[in-house]
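The values are calculated or read from the model by the stated rules, or taken from the named source; none is laboratory data. Since the model is a prediction, treat every value here as computed from it, not as a measurement. Cβ atoms come from the backbone with ideal geometry, glycine included; neighbour counts cover every protein chain shown. With ligands, DNA and RNA removed, areas are computed over all heavy atoms of the protein, side chains included. Shrake-Rupley method; radii C 1.70, N 1.55, O 1.52, S 1.80 Å.
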Amino acid sequence: MLFFSSRFTARAFIGATLFIAFLVMLVTSVLLFSKQHSNLIALIHTLIGLVMVLTVIWHLFKNSRSLGQYLNPFKKQGGKFTITLPLALILIIYFVASPFLRLSPAMEVYRLGQSLKAADKGTDDEEHTFIERALKPDNATGQTITVELKKGAYFLWPQYAIWLETLDGEFVQPLYVTSAIGTNNFVNKVSKKDPSQVFTSHLMVGPDANPGEALTGGEDPESKDSRMRPESLPVFLHQLGMKAANGYFVPTGDSLTVDGYSGATMTDNFIYHAQLPSKLSGEYRVRLELNNSFDFNDYYSSDRFPDDEVYSGDGFSAQPSVVYQAVIDFDQPEQLLKMELIGRGHHSGRDGKIYGDIDNLTTALELVDRAIVSIASE
């Protein structure tokens with residue numbers, strides 16, 4: 001009875017709501033910044049943030065007259081002109097501009113958060129687990145390029161390569177290449193059980209996916225697979241320029257590993273650091289090309305190009321590779337640049353062109369959720 005007879009005070013309600021919401025926002029902010037987190041934490045953070053915004057709007061409405069007096073630079077407070085508004089504007093403008101202009105503390109805060117997340121192994125949400133890998137060649141003195149990739153829904157077992165080239169398209173060097181590409185050794189040796197069967201959907205995901213009914217064979221890591229996969233990453237392989245006797249652009253010869261830059265496929269979200277052998281200056285492209293086998297769809301079905309021996313062969317390439325790019329300036333380090341999708345590779349690796357028509361791609365567009373490039377001067 002006492003509860004229902006109590007008086008409601010708007011000022012007290014606003015104060016209590018903001019205080020409790022602040023405590024929740026403080027906890028969720030720390031979790032989002034420093035640890036791997038679930039979508040539940042992000043949702044709580046967003047909803048409580050919305051509560052705070054609405055409460056603040058109510059508070060501003062109720063105190064609009066007093067607020068106007070505080071912010072009026074021509075209104076004297078205690079016999080003196082106030083500098084409240086200019087100082088507030090300077091503070092907010094500084095922190096908003098910091099990520100764009102690479103001002104402290106934006107980069108330091110970002111890197112601290114990424115380091116804490118990479119070190120956090122106690123998460124139950126595999127989707128947000130980041131692995132961290134670094135490559136530093138002997139006697140390297142150049143800048144360090146960092147690529148942070150958050151995988152998309154269909155990032156299952158892709159082949160991918162990251163490389164550096166000039167704005168004119170001249171290949172500079174690889175940054176990272178999955179080992180199957182770098183050594184031309186594909187251990188997943190499968191074939192159709194029924195050669196006449198046509199695939200029109202992703203063989204490994206979806207309600208109708210049952211690769212055991214359609215394919216035979218499997219991984220054989222002990223033996224060398226002599227198959228060549230020029231369609232896997234055609235843009236990168238043509239840039240690399242290694243050509244086999246049959247004309248395919250694939251790594252060949254005794255020195256198959258690409259200059260020490262190949263490694264096991266990172267199948268989780270990753271943060272990858274590669275230090276350049278020597279310092280560079282000016283603008284360059286960082287490119288990322290990815291391809292996932294068995295991702296057929298209605299257009300890129302297994303019978304789409306019946307006369308193309310590469311596409312209709314035993315590589316099961318299905319949808320072609322996708323290419324992402326960011327233009328970086330080595331004279332302006334500490335940048336954070338999002339890699340943008342710029343097109344696809346040729347479906348059978350016939351050339352190294354980037355094709356802009358991606359209308360027929362489906363799950364291939366969900367290999368990457370986001371990819372961010374940054375440069376450190378040391």
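Which of the residues that make up the range 359-370 are open to solvent by 50 Å² or more (accessible area, probe 1.4 Å) and either part of a loop (DSSP other than H, G, I, E, B) or of a type in the set (D, E, K, R) (or both)? Steps first, please.
Step one: of the range 359-370, the residues open to solvent by 50 Å² or more (accessible area, probe 1.4 Å) are 359-360, 362, 365-366, 369-370.
Across the range 359-370, the qualifying residues are 359, 360, 362, 366, 369, 370.
When you look at residue 352, is it at pLDDT 90 or above, touching a Pro at 6+ places or on another chain (Cβ under 8 Å) and either among the β-branched types (Val, Ile, Thr) or closer than 29 Å to residue 215 by Cβ (or both), yes or no?
Considered against the rule, which asks whether it is at pLDDT 90 or above, touching a Pro at 6+ places or on another chain (Cβ under 8 Å) and either among the β-branched types (Val, Ile, Thr) or closer than 29 Å to residue 215 by Cβ (or both), residue 352 comes out as no.
Okay, residues lined up against (1) under 23 Å from the mean Cα position of the chain (by Cα); (2) farther than 14 Å from residue 349 by Cα:
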{"position": "285", "(1), (2)": "yes, yes"}
{"position": "288", "(1), (2)": "yes, yes"}
{"position": "297", "(1), (2)": "no, yes"}
{"position": "306", "(1), (2)": "no, yes"}
{"position": "311", "(1), (2)": "no, no"}
{"position": "318", "(1), (2)": "yes, no"}
{"position": "322", "(1), (2)": "yes, no"}
{"position": "328", "(1), (2)": "yes, yes"}
{"position": "331", "(1), (2)": "no, yes"}
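Surrounded by 14 or more Cβ atoms within 10 Å (Cβ to Cβ) and over 22 Å from residue 277 (Cα atoms): which single residue out of 198, 177, 172, 190 fits that description?
On the way: 198 fails: surrounded by 14 or more Cβ atoms within 10 Å (Cβ to Cβ); 177 fails: over 22 Å from residue 277 (Cα atoms); 172 fails: over 22 Å from residue 277 (Cα atoms).
After ruling out the rest, the residue left standing is 190.
On the given criteria, is residue 61 assigned to a helix (DSSP H, G or I), modelled with pLDDT of 75 or more and either of a type in the set (Phe, Trp, Tyr) or open to solvent by less than 90 Å² (accessible area, probe 1.4 Å) (or both)? Can you show your working first?
Numbers: assigned to a helix (DSSP H, G or I): yes; modelled with pLDDT of 75 or more: yes; either of a type in the set (Phe, Trp, Tyr) or open to solvent by less than 90 Å² (accessible area, probe 1.4 Å) (or both): yes.
Here the answer is yes, as residue 61 does meet what is asked.
Pairs please, first residue from the range 337-359 and in the same structural domain as residue 229 (by the TED database) and over 18 Å from residue 317 (Cβ atoms), second anywhere and among the hydroxyl-bearing types (Ser, Thr, Tyr) and assigned to a strand (DSSP E or B), Cβ atoms under 6 Å, 6+ apart in sequence or on different chains.
339/324; 341/324
Where residues in the range 336-350 are open to solvent by less than 30 Å² (accessible area, probe 1.4 Å) and not small (Gly, Ala, Ser), which of them is nearest to the chain's Cα centre (by Cα)? Before you say what the answer is, go through the steps one by one.
Pass one, the range 336-350, residues open to solvent by less than 30 Å² (accessible area, probe 1.4 Å): 339, 343-349.
Subsequent filtering for residues that are not small (Gly, Ala, Ser) retains 339, 344, 346-347.
On the way: 339: 8, 344: 17, 346: 23, 347: 23 Å.
Ranking the candidates gives 339 first.
Which residue out of 254, 225 is at pLDDT below 75, assigned to a loop (DSSP other than H, G, I, E, B), open to solvent by 30 Å² or more (accessible area, probe 1.4 Å) and among the charged types (D, E, K, R)?
254
So which residues in the range 281-301 are surrounded by fewer than 18 Cβ atoms within 10 Å (Cβ to Cβ) and assigned to a loop (DSSP other than H, G, I, E, B)?
Passing the criteria: 281, 282, 298, 299, 301.
Look through the range 148-168, keep the residues that are in contact (Cβ under 8 Å) with a residue 40 or more places away in the chain and assigned to a loop (DSSP other than H, G, I, E, B), and return whichever of them is surrounded by the most Cβ atoms within 10 Å (Cβ to Cβ). First the steps, then the outcome.
Filtering the range 148-168 down to residues in contact (Cβ under 8 Å) with a residue 40 or more places away in the chain leaves 148-167.
Next, from what is left, pick out any that are assigned to a loop (DSSP other than H, G, I, E, B): 152-158, 167.
Details: 152: 17, 153: 11, 154: 19, 155: 20, 156: 17, 157: 13, 158: 25, 167: 10.
By that ranking, first place goes to 158.
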